[in-house]
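Input: a single structure, listed below in structure tokens.
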Amino acid sequence: MAKTSTMDMTVGNIRKEMILFAIPLLAGNVFQQLYNTIDSIIVGQVVGPDGLGAVTSVAPAINTLVGFFMGFSAGSSVVISHFFGAKNIPGLRRAVHTSVICTFILSLFLMIVGFFLTPPLLVFMSTPESVMPLATQYLQIYFLGITGLMMYNIGSAILRAVGDSVRPLIFLIITSILNIFLDLFFVINLHLGVAGAAYATIISQFISAILTIAVLFFNKECYNLRLKEMTIDKSILSQIITIGMPAGIQSAVISFSNLFVQSYINRFGESSTAGWGAYGRIDAFVMLPMQSIALTATTFVGQNAGAGNVDRKKRNTRISFPCSFMHSGSCYS
């Protein structure tokens, strides 16, 4: 296995490996959060309060969806990292291909359902009438591009599972910069307003997905993708669902509760909606370090569980928990 693209966490200095893995992961999460944040900034400056209110009002719905899939993809990451740590190459390959094909099918389902459920969802959230048309437009376009987001996330989850957190970061840096230029071009030059911001986001997400999936197809590692192996292994899918479904629900519950909070805030008008949305952006950034620590621990424990290294799993836990507690404590200070 090429050392430049994977990290074997079953050997070596635990703290050093966690830091080397977590820093690119945290940076990548920051860039991923920048997608909608940049949309909000540019739309707010160019379109005005109604445009900003439209973009921020749909944030809880987007965060609920993204949160669920991030948790669900953690199920794939755990299973894949377990096989990787155990050096079980046939199982690793089945898990990788099952994860990719299932994600693609699920993304098509969510694209269709999300597009048609957007109007009633925004009504449920008591979205102000003044921003309803723009909010509907933005969220429906976002759902049309949900495949790009989900394919990037599962591709990066696979790379993380084998210890590669650097290439997903590189792809996010590239597409985040692209997103800024596309936002400016579509919103200012083409005068597409909120729709332009949505188009910029989904185009950038599709490019990040293409880059990630291309790496999986064209690399020479043991986890590379092959079209002839694109089948669903039912036993592995069962493992992924068993681990990923509770994690996905847990991740989505907090964001889902914000849908109700958003529905009450929206009743005070677009200015309150925009203000609440701005707070939500800040809150999302505050949570990123803990999310990165959790994802690092997931990969580390998964690989060492597969290798049967019980002691290294325990030592990782003794490092991860204090780090999370210190960060959460600093948020309240």
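Tabulated results
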| quantity | calculated |
| --- | --- |
| Criterion: out of contact with any strand residue (DSSP E or B) (no Cβ under 9 Å at 6 or more places or on another chain) and under 24 Å from residue 81 (Cβ atoms) - qualifying residue of 171, 186 | 171 |
| Positions within region 214-258 being aromatic (Phe, Trp, Tyr) and either out of contact with any Phe, Trp or Tyr (no Cβ under 8 Å at 6 or more places or on another chain) or part of a helix (DSSP H, G or I) (or both), in sequence order | 217, 218, 256 |
| Residue check for residue 217: surrounded by fewer than 19 Cβ atoms within 10 Å (Cβ to Cβ) and closer than 21 Å to residue 172 by Cα | yes |
| Out of 240, 236, 249, 282, sole residue that is over 20 Å from residue 25 (Cβ atoms), surrounded by fewer than 21 Cβ atoms within 10 Å (Cβ to Cβ), of a type in the set (A, V, I, L, M, F, W, C) and touching a residue at least 60 places away in the same chain (Cβ under 8 Å) | 249 |
| Answer residue from region 184-201, given it is under 28 Å from residue 216 (Cβ atoms) and not small (Gly, Ala, Ser) and is modelled with the lowest pLDDT among those | 201 |
| Where a residue in region 131-154 is under 14 Å from residue 117 (Cβ atoms) and its partner, wherever it lies, is of a type in the set (Gly, Ala, Ser), with Cβ under 6 Å and at least six apart | 135/54; 135/57; 142/198; 143/114; 146/107 |
| Any hit, region 133-141, residues being at pLDDT below 90 and surrounded by 19 or more Cβ atoms within 10 Å (Cβ to Cβ) | no |
| Residue count for region 252-265, restricted to those that are in contact (Cβ under 8 Å) with a residue 40 or more places away in the chain, aliphatic (A, V, I, L, M) and surrounded by fewer than 20 Cβ atoms within 10 Å (Cβ to Cβ) | 3 |
| Wholly within region 123-203, helices (runs of 4 or more DSSP H) carrying at least 1 residues that are over 19 Å from the mean Cα position of the chain (by Cα) | 132-144, 166-184 |
| Selection count, region 6-60, where residues are within 18 Å of residue 162 (Cβ to Cβ) and within 15 Å of the chain's Cα centre (by Cα) | 3 |
| Of residues in region 56-68 being out of contact with any Gly (no Cβ under 7 Å at 6 or more places or on another chain) and of a type outside the set (A, V, I, L, M), the one surrounded by the most Cβ atoms within 10 Å (Cβ to Cβ) | 60 |
| Residue within region 36-48 that is closer than 22 Å to residue 106 by Cβ and modelled with pLDDT under 90 present | yes |
| Given (1) in contact with a Leu (Cβ under 7 Å, 6 or more places away or on another chain); (2) farther than 30 Å from residue 239 by Cα; (3) of a type in the set (Gly, Ala, Ser), number of the condition residue 61 does not satisfy | (2) |
| Output for region 297-314, where each listed residue is buried (at least 18 other Cβ atoms within 10 Å of the Cβ) and assigned to a loop (DSSP other than H, G, I, E, B) | 309 |
| Per-region count, region 112-130, residues touching a residue at least 12 places away in the same chain (Cβ under 8 Å), within 30 Å of residue 216 (Cβ to Cβ) and surrounded by fewer than 17 Cβ atoms within 10 Å (Cβ to Cβ) | 1 |
| Those residues of region 46-55 which are in contact (Cβ under 8 Å) with a residue 24 or more places away in the chain and surrounded by fewer than 24 Cβ atoms within 10 Å (Cβ to Cβ), in sequence order | 46, 47, 49, 50 |
| Some residue of region 8-27 being closer than 30 Å to residue 221 by Cβ, buried (at least 18 other Cβ atoms within 10 Å of the Cβ) and charged (D, E, K, R) | yes |
| Residue in region 91-110 that is touching a helix residue (DSSP H, G or I) at 6+ places or on another chain (Cβ under 9 Å), over 20 Å from residue 297 (Cα atoms) and assigned to a loop (DSSP other than H, G, I, E, B) present | no |
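The values are calculated or read from the model by the stated rules, or taken from the named source; none is laboratory data. Everything quoted here is computed from the prediction, not taken from an experiment. Every residue, glycine as well, gets a Cβ built from its backbone with ideal geometry; the counts of neighbours run over all protein chains shown.
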